[in-house]
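Nothing in this text is a laboratory measurement; each read-out follows from the coordinates by a stated rule. This structure is a prediction, so every number in the text was calculated from the model and none was measured. Please note: Cβ atoms are built from the backbone with ideal geometry, for glycine as well, and neighbour counts cover all protein chains shown.
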């Protein structure tokens, strides 16, 4: 619902088909040559099994290649959830203790593990991609497992991000 | 990993004043106008009342 409604909203407000708008305004300027709604026949050997390979229609479902860009908009990185909203929906227990919602993705609001640093904005995709951007460290991390998220892979994500911390060379 | 893409595309349109963050969505998404919502979260699907606020109100 969320992304389908956004897809229609973006297309109507821009006056362009969604795919055209995204390509002209985001993917092409960022050099994201392998991101789109479908995989060209010549590149069919590139997606791994978890990636959608059919043509996208209304729902915003993109095939991401290895060359991803990143948004760096303050609105995306600021928690916009009100206390009233937290009172009626916590997403899952403990989530709001250290996490907020920016426009589009989650933001870390309090450091409660080695890897969760306040100010990072991030998302773990259900198909096995974990990403965050850290404006303070000028760091972008992307983990592609190509496996559906499970409790075990959740621990693997945490180990990966924990391992990134000592790799930062100040 | 489509959320950052949807957010970036939307905020591009906000910067160009083609979308406004706090405008009702009814003009561009009339399908979502005159929303009815469940009276109770665990109530029957036909027990609805007019929505008292906009989606995304803050």
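For a test of the definition: using alpha carbon positions, the gyration tensor, and the 1.5 limit on a/c, classify the protein assembly as shown as rounded, prolate or oblate.
Details: a/c = 1.59, a/b = 1.18, b/c = 1.35.
Cα axes put the protein assembly as shown in the oblate bin.
What is the packing order of peptides A:153-163, A:84-94, taking the mean over residues of other C-beta atoms within 10 Å and listing the highest first? Please list the in-between numbers first.
Numbers: A:153-163: 13.9, A:84-94: 10.1.
Per-residue mean Cβ counts within 10 Å order the peptides as A:153-163, A:84-94.
What is the distance in Å between the Cα centroid of region B:1-55 and that of region A:103-151?
So the two Cα centres are separated by 26 Å.
Taking the Cβ of each residue in A:46, B:58, A:12 as the centre, tally the other Cβ atoms inside 10 Å and list the residues starting with the fewest.
On the way: A:46 14, B:58 10, A:12 17.
Ascending number of Cβ neighbours within 10 Å: B:58, A:46, A:12.
How far, in nm, would the chain grow between residue A:74 and residue A:160 when pulled straight, counting 0.36 nm per residue and subtracting the alpha carbon separation?
Values: separation 86, 0.36 × 86 = 30.96 nm, distance 2.60 nm.
In short, 28.4 nm is gained.
Over region A:98-153, what relative contact order in percent results from Cα pairs under 8 Å that are six or more residues apart?
On the way: 93 pairs, mean separation 12.3, N = 56.
22 percent.
Run lengths n ≥ 4 of DSSP H only: what is the helix-derived mean residue ellipticity at 222 nm for the protein assembly as shown, with -39500 (n - 2.57) per run over all residues, to the nearest 500?
Numbers: 7 runs with 62 residues, N = 228.
Result for the protein assembly as shown, helices only: -7500 deg cm²/dmol.
Can you tell me the 0 to 90 degree angle between the C-alpha axis of helix B:3-15 and the longest principal axis of chain B, rounded to 10?
Between helix and principal axis, roughly 70 degrees.
Sort the following peptides by mean Cβ neighbour count (other Cβ atoms within 10 Å, averaged over residues), highest first: A:16-22, B:41-47.
Values: A:16-22: 18.3, B:41-47: 7.7.
Ranked from most to least packed, the peptides come out as A:16-22, B:41-47.
Order the peptides B:5-11, A:28-34, A:74-80 from the highest to the lowest mean number of other Cβ atoms within 10 Å of their residues. Don't jump to the answer; show the numbers that get you there.
Values: B:5-11: 22.3, A:28-34: 13.6, A:74-80: 16.1.
Highest mean packing first, the order is B:5-11, A:74-80, A:28-34.
Could you tell me which of rounded, prolate or oblate describes region B:1-41, using a ≥ b ≥ c as the square roots of the eigenvalues of the alpha-carbon gyration tensor, with rounded for a/c under 1.5 and, failing that, prolate when a/b is larger than b/c and oblate otherwise? Before the final figure, lay out the partial values.
Working: a/c = 3.10, a/b = 1.61, b/c = 1.93.
Taking the square roots of the gyration eigenvalues as a ≥ b ≥ c, region B:1-41 is oblate.
Considering every residue in A:5-17, what mean count of other chain Cβ atoms within 10 Å of its Cβ is obtained? Numbers along the way, then the final one.
Working: counts 6, 8, 3, 5, 9, 9, 2, 7, 12, 7, 1, 0, 0.
The mean count of partner-chain Cβ atoms within 10 Å per residue comes to 5.
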